[in-house]
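To start, the structure itself, in structure tokens.
Derivation of every value follows stated rules applied to the coordinates shown; laboratory data play no part. A quick note: this is a predicted structure, and the numbers were derived from the prediction, not measured. All Cβ positions, even for glycine, are placed from backbone atoms using ideal geometry, and neighbour counts span all protein chains on display.
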Amino acid sequence: MPGFSIPAIMLRRMDLGDYDILVTFFTTDRGKVSAVAKYAKKSVKRFAGVLELFSVLQVVYKSGRGKGLPVLQEAALIQPFYKIRYDIQKTAYASYWSELINNWMEEGQENRELFRLLRHVLGELDRGIVGDSELSILFQTRFITLSGFAPNLSHCSICRVAADKTPNGKIAFDLVQGGLVCKKCANRTARYTWLSKGTVKQLLWLQNGDLKKAVRIRLTGQAIREGLKLLEEFVPYHLGRVPKSLKVLRQIRPDYT
Ligand SMILES: [Zn+2]
């Protein structure tokens, strides 16, 4: 069977014995793919300097025989995103996004919109014009929406009043129900994350607005603090586990709370 040539983003790499590397890519056509890069550890000619995390590559791989893993045949660098790998905070954010995709996606499940989103935020993270935390808010909001757990940020989940028609001050977000709850409907005993109305408006725009225009996002300090807190609780909660890289990110990042 001939190999496929497709664009791919490196999500993960792991040593496999003394010679080989197991790489996991996120591809346009075939979603997540794990493949063996044979002799990639020993030979300097094979894949030299190409199989780096978060890089965009053009890869050719062949299905494995029987139950064997696919085998990587060629890999050419399209966008290396060097700046991400030389910056500890950028690396931590990119690792968190990659781990979310790696944990959530099934092998072979196509999701072009998610591919576009990851490529976009990695590109912007490398350029460094938009803040790292703003990009993480953008990524998480859209990732969780594409995953089918879109948070309801437009109206109270109970009385359905529009968020901008609720009384001034904070509005509650119920993590379990995945939506807003206005002050009138809020239950004193429930555990909520509280958001200012300004934050809700900005998150809603990031969730549904044009991805290219999102390059110009400038969130207020309050929206960054509240948005990160909300999403870093909400996203792992709905995916059922806290990614290891999120714990690392929290240790190295300046305290936003
Ligand atoms: Zn209500």
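Data table
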read-out	value
Considering residues of region 154-208 that are among the β-branched types (Val, Ile, Thr) and in contact with a Lys or Arg (Cβ under 7 Å, 6 or more places away or on another chain) only, the residue nearest to the ligand (Cβ to nearest atom)	THR166
Test: residue in region 34-47 that is surrounded by 16 or more Cβ atoms within 10 Å (Cβ to Cβ) and within 21 Å of HIS120 (Cα to Cα)	no
